[in-house]
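Everything below concerns the one structure shown next.
Bear in mind these aren't lab numbers, they're just calculated from the coordinates by the rules spelled out. Please read these numbers as outputs of a predicted model, since none were measured by experiment. Here the Cβ positions follow ideal geometry from the backbone for every residue, glycine too, while neighbour counts run over all protein chains shown.
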Amino acid sequence: MRYRALSLKFLSSILIFGAWEVAGRVPVSFAFPTFLESMSALWALTIEGTIFTAYAETLKPLVIGVLISAFFGIGLGLWVGLSQKFDWFVSPIFIVMQSAPLAALIPLLIMVYGIGLTSKVFVVCIMAMPVIVLNTSGAVRNTSASIIEMGQSFLGTRKDIILKIILPSASPIIFVGLRLGISAGFIGAILSELKITPTGIGDIISYSRSIADYPSMYAAIFSIILLAVLFLNLLERIEIMVFKGINKGLVAD
Amino acid sequence: MNDKTTSVNAVEVRNVYKNYNEVEALQDLSLDFPKGELTSLLGPSGCGKTTLLKIIAGLIPTTSGEVKINGKKVTGPGPDRAFVFQDFALLPWETVIKNVSFGLELRGVAKSEREAIAEKYIVDVGLAGFEHKFPHQLSGGMRQRVGLARALSVDAEVLLMDEPFSAVDEQTRRKFQEDLLNLVKNENKTFLFVTHSIEEAVYLSDQIALLLPRPSRVSEIIRPSGFRHKDVDSIRRDSEYLDIVDRIWDSLRTYVE
């Protein structure tokens, strides 16, 4: 079937939304709206334009944080993978960053950087960078020794070997890191709005909750999940376009 | 030593020692590889044959001793040598033609020129039509042919082959051995061939160097003479061939038992 992947996605969406609807009608809890109630709230937010102004706010730390995390994350990851000394020096920072509970770090951030955009960008980076750096460095270090030797035997310079052998070889895992990291970045953006100062989508979520407008709250949550999913699909398309040989026909798409 | 201008030996190995920490892999190994011939390095597993080959390729340094290619000392990889790897060492994300032209690409040859050269060797090794396939779409035998085409395309004088046929099936292996004999006849190159198969070594070689297990040194050099001119199909029934195979097994079996 040509559109097998698309039809599977459609089918699984229907199943999830159906289950949501049923759970809302049971009801699982008085605070749990049905799927249709949430969707009509989403529609209302869209018509009013509230959701667009909200995203204008949320996208600021999100986009800045994700761009910084992606470029610096991959760059640092490459350096860490290629240099033992740099690895010894830098890796622990990211391992701690990944394991430390964010809720504990946020007050520290507020103390140093205040409650504005800077802190929020930091939160996105703290969520996104570690997994990007660690995946990239791991992938670089795991490059097959055999093809590196092959590159050397055919007179490849260090630069040739990094650009033509190590980087393409590491790219599937680097993209995995990007997907995981950027998803975490989305979470970070919302968290920063819930914990630091309410703006954008985070504001819609906490305000709706405080006035018991649960359909709107779930509508906002749904919208951010949808955005994240769309973005990750875009990333996958980019990966397939850039590295044609990588897709060995294993993935459903 | 003597004059470097007309060396009968393409490769000369002199008193090479190689230690990995306390483990002595190669001990005082000296060997000559005559130009234009195929020399096999034959011995049981772990006897340092691949180590020696990589030292000659310039991929590993010696602990002491030297290797000369056409009279020039080896300090690293060079354009005069090309390597064929046991596990093929292909780039999985590139097509066949890009893999074959990779050696030329690293030497800075322009794209249209290197793809034209690569195309010639792709046809020579029998992979015509597969230029735009990826390695995962090829069988093991085909992948090794890509590796061979890549090594041939850089037109090096010395071809170093590290158990190139051990990862393919028996039928393909026999075919490759026949093809290699024809290749040696037609190309004016020196072939260094590592193998652990006695029959393969005797079938292919102008000269066989028997290596002992660690620490490795040359125990014997055999030059099969009688059947080298024979047809590829008749060699395996030649009595000298069978005698040499038995003789080698007798020497080597003591190290395996």
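A few points about this structure:
- Of A:Ser183, A:Ser83, A:Ser153, the residue with the greatest mean-square motion in the GNM of chain A, using alpha carbon springs below 10 Å, is A:Ser153.
- The separation of region A:169-204 from region B:219-257, counted between C-alpha centres, amounts to 67 Å.
- Computed from the C-beta positions of A:Asp213 and A:Phe10, the FRET efficiency with R₀ = 35 Å rounds to 0.70.
- Computed helical MRE - 222 nm, chain B, DSSP H runs ≥ 4 contributing -39500 (n - 2.57), nearest 500: -10500 deg cm²/dmol
- Our helix-only sum for chain A, with -39,500 (n - 2.57) per DSSP H run of n ≥ 4 divided by its residues, gives a mean residue ellipticity at 222 nm of -27000 deg cm²/dmol.
- Secondary structure note: in the protein assembly as shown, about 50% of the DSSP beta bridges are antiparallel.
- Neighbour-count order for A:Ser146, A:Ser119, fewest beta carbons within 10 angstrom listed first: A:Ser146, A:Ser119
- For B:Val84, distant residues with modelled amide H under 5 Å away: B:Leu160, B:Met161, B:Asp162
- Computed over neighbours whose Cβ is under 12 Å from that of B:Val123, the net charge equals -1, Lys and Arg +1, Asp and Glu -1.
- Legend: calculated FRET efficiency, B:Ser219 to A:Leu82, from the Cβ-Cβ distance at R0 = 45 Å, rounded to 0.05, equals 0.60.
- Number of partner chain Cβ atoms within 10 Å, mean per residue of B:86-96: 5
- Average Cα contact separation per residue, chain A, under 8 Å, 6 or more apart, as relative contact order %: 26
- When region A:1-118 is reduced to its Cα atoms, the Kirkwood hydrodynamic radius in Å: 19.4
- Over all directions, the projected convex hull of the C-alpha atoms in the protein assembly as shown averages 33.2 nm² in area.
- Phi-based couplings in Hz for region A:96-109 (Karplus 6.51, -1.76, 1.60; Gly and Pro marked x): 5, 4, 6, 8, 5, x, 4, 4, 7, 7, 4, x, 4, 4
- Inter-site label distance for A:Val22 and A:Ile93 at 7 Å from Cα along Cβ, in nm: 5.0
- Anchor B:Lys120: aspartates and glutamates whose Cα lies under 14 Å away (excluding residues fewer than 8 positions away in-chain): B:Glu131, B:Asp155
- Between A:Met111 and A:Leu235, the simple spin-label model (points 7 angstrom out along Cα→Cβ) gives 3.2 nm.
- Region A:221-236 - phi-based ³J(HN,Hα) in whole Hz, Karplus 6.51/-1.76/1.60, Gly and Pro as x: 4, 4, 5, 6, 4, 4, 4, 4, 4, 4, 5, 5, 5, 4, 4, 5
- Once both labels are positioned 7 Å from their Cα atoms along Cα-to-Cβ, the gap between B:Val232 and B:Arg14 label points is 3.8 nm.
- A straight line joining the Cα centroids of region A:140-165 and region B:57-92 runs 15 Å.
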